[in-house]
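Notes to accompany the following structure.
The values are calculated or read from the model by the stated rules, or taken from the named source; none is laboratory data. All figures in this text were calculated on a predicted structure; none of them were measured in a lab. When we count neighbours, we look across all protein chains shown, and the Cβ atoms used for this are built from the backbone with ideal geometry, even at glycine. Note: areas computed on protein heavy atoms with side chains; ligands, DNA, RNA excluded. Shrake-Rupley method; radii C 1.70, N 1.55, O 1.52, S 1.80 Å.
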Amino acid sequence: MWQMDTTDKAIINRLQGGLPVCERPYQVMAEQFGIGEDELISRLENLLTQKVLTRFGPMFQIERMGGAFSLAAMKIPEADFERVTAMVNTLPEVAHNYRREHAFNMWFVLATEKPEGIIQAIARIESQTGYPVYNMPKEKEFFVGARFTA
Amino acid sequence: MSIELDSIDRIIIQATQAGLPLTPRPYHDIAEKIDIPVDVVMRRIQVMLENGVIRRIGAVPNHYALGWSANGMTVWDVPDEHIDTLGQQVGALEFVSHCYQRPRIMPDWNYNLFAMVHGRDREEVETKTAQIAELLGKNCKAHTILYSTKILKKTGLRI
């Protein structure tokens, strides 16, 4: 089985911080890890294949573009969970969706280009699934800084 | 604050939202694909980084694969009049990755402060949650932890 080595860990830890905008960004970063540009690229490809990284690229803040994000929750009976998951996940506005241990057992993030898109997506989910959606948009952000050390 | 994006920005966002090419000259490859000069592409991306449309360009790790297998969304019922101070204190804890105020939805949901806590196991999440409870003291009327048990979808933004 493939295992991460110390170089992979350094890449994961350092590259959460940011890739520069220049002609050869991977070459610039590769120097910091003491490896070649080719090796950094193939390690990143491998980390994505192994699903250690879910994505590599720009992280957008849709609110800054006039769009909106919201967190929404639903209480779905166990027997109906799979059907509702499939319906909710079909919507392109659903950016991620987590199952959680609670009466509110489905939690998803909606991202839409326009603020009214949130309400439209919620209305669609409610009518398709037959269950209410609890909309919990953030009222204030105190901190966002997910950093996971490998 | 909302930033006005034009059609060039939108084309760049659409070309990169699934990920940056893993090629020696990724910005050049994007530019070629969307038929926009590379200096324009790079300048637009730089501006979007500066104004926050792009938070950063980098790796998004799967925290489960890194051994951070316990993911607890801790939720707290605290007095609205003190939430600014309390939210900042909780958000400043080094183990809290996200901290937000969200609306109560009565009578089903009386929690107004959300703090995401990650740990290598649930015991670690519970220890950290106890630290938050201690910090909030009498200001906390109720709290609970909602552990994630499955990622049902994770694609990120699509415009």
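Is it the case, given these coordinates, that B:Q14 is out of contact with any strand residue (DSSP E or B) (no Cβ under 8 Å at 6 or more places or on another chain) and either more than 9 Å from chain A (Cβ to nearest Cβ) or touching a residue at least 60 places away in the same chain (Cβ under 8 Å) (or both)?
Values: out of contact with any strand residue (DSSP E or B) (no Cβ under 8 Å at 6 or more places or on another chain): yes; either more than 9 Å from chain A (Cβ to nearest Cβ) or touching a residue at least 60 places away in the same chain (Cβ under 8 Å) (or both): yes.
Criteria met by B:Q14.
Test A:A30 against the stated conditions and say whether it is open to solvent by 50 Å² or more (accessible area, probe 1.4 Å) and of a type outside the set (S, T, N, Q).
Working: open to solvent by 50 Å² or more (accessible area, probe 1.4 Å): no; of a type outside the set (S, T, N, Q): yes.
Taking the combined requirement at face value, the residue does not satisfy it.
Search the range B:134-157 for residues being more than 7 Å from every other protein chain (Cβ to nearest Cβ) and assigned to a loop (DSSP other than H, G, I, E, B), and hand back the single one that is farthest from B:D108 (Cα to Cα).
Pass one, the range B:134-157, residues more than 7 Å from every other protein chain (Cβ to nearest Cβ): B:134-145.
This time we only want the ones that are assigned to a loop (DSSP other than H, G, I, E, B), so: B:140-141.
Details: B:C140: 18, B:K141: 15 Å.
Checking each candidate, the answer is B:C140.
What number of residues within the range B:32-83 satisfy the criterion of being within 24 Å of the chain's Cα centre (by Cα) and either within 11 Å of chain A (Cβ to nearest Cβ) or open to solvent by 30 Å² or more (accessible area, probe 1.4 Å) (or both)?
Going through the range B:32-83, the residues within 24 Å of the chain's Cα centre (by Cα) turn out to be B:44-78, B:80, B:82-83.
The next check asks that each one be either within 11 Å of chain A (Cβ to nearest Cβ) or open to solvent by 30 Å² or more (accessible area, probe 1.4 Å) (or both); those that pass are B:44-69, B:71-73, B:75, B:80, B:82-83.
Total satisfying the criteria: 33.
Looking at the structure I just gave you, is B:A92 within 12 Å of chain A (Cβ to nearest Cβ) and modelled with pLDDT under 95?
Working: within 12 Å of chain A (Cβ to nearest Cβ): yes; modelled with pLDDT under 95: yes.
Against the criterion (within 12 Å of chain A (Cβ to nearest Cβ) and modelled with pLDDT under 95), B:A92 qualifies.
Only one of these is closer than 23 Å to B:W68 by Cβ and open to solvent by 20 Å² or more (accessible area, probe 1.4 Å): B:L113, B:L146, B:L152. Name it.
B:L152
Give A:Q50, A:Q16 a once-over and let me know the one that is within 23 Å of the chain's Cα centre (by Cα), more than 30 Å from B:E4 (Cβ to Cβ) and in contact (Cβ under 8 Å) with a residue 24 or more places away in the chain. If you could, list the steps in order and put the result at the bottom.
Numbers: A:Q16 fails: more than 30 Å from B:E4 (Cβ to Cβ).
Only one candidate passes the filter, namely A:Q50.
Could you say which residue among B:P103, B:P24, B:P107 is assigned by TED's automatic domain parsing to the domain that holds B:A133, at pLDDT 95 or above and surrounded by fewer than 19 Cβ atoms within 10 Å (Cβ to Cβ)? I'd like the intermediate steps shown before the answer.
Working: B:P24 fails: assigned by TED's automatic domain parsing to the domain that holds B:A133; B:P107 fails: at pLDDT 95 or above.
Result of the check over B:P103, B:P24, B:P107: B:P103.
Which residues, taken from the range B:116-128, are surrounded by 18 or more Cβ atoms within 10 Å (Cβ to Cβ), within 14 Å of chain A (Cβ to nearest Cβ) and more than 18 Å from B:Q101 (Cβ to Cβ)? Working first, answer last.
Within the range B:116-128, the first condition is being surrounded by 18 or more Cβ atoms within 10 Å (Cβ to Cβ), and the residues that meet it are B:116-119, B:125, B:128.
From what's left, within 14 Å of chain A (Cβ to nearest Cβ): B:116-119, B:125.
Those that are surrounded by 18 or more Cβ atoms within 10 Å (Cβ to Cβ), within 14 Å of chain A (Cβ to nearest Cβ) and more than 18 Å from B:Q101 (Cβ to Cβ): B:H118, B:G119, B:V125.
Scan A:E113, A:E126, A:E78, A:E101 and give me the residue that is in contact with a Pro (Cβ under 7 Å, 6 or more places away or on another chain) and either among the aromatic types (F, W, Y) or surrounded by fewer than 19 Cβ atoms within 10 Å (Cβ to Cβ) (or both).
Details: A:E113 fails: in contact with a Pro (Cβ under 7 Å, 6 or more places away or on another chain); A:E78 fails: in contact with a Pro (Cβ under 7 Å, 6 or more places away or on another chain); A:E101 fails: in contact with a Pro (Cβ under 7 Å, 6 or more places away or on another chain).
None of the other options fit; the residue is A:E126.
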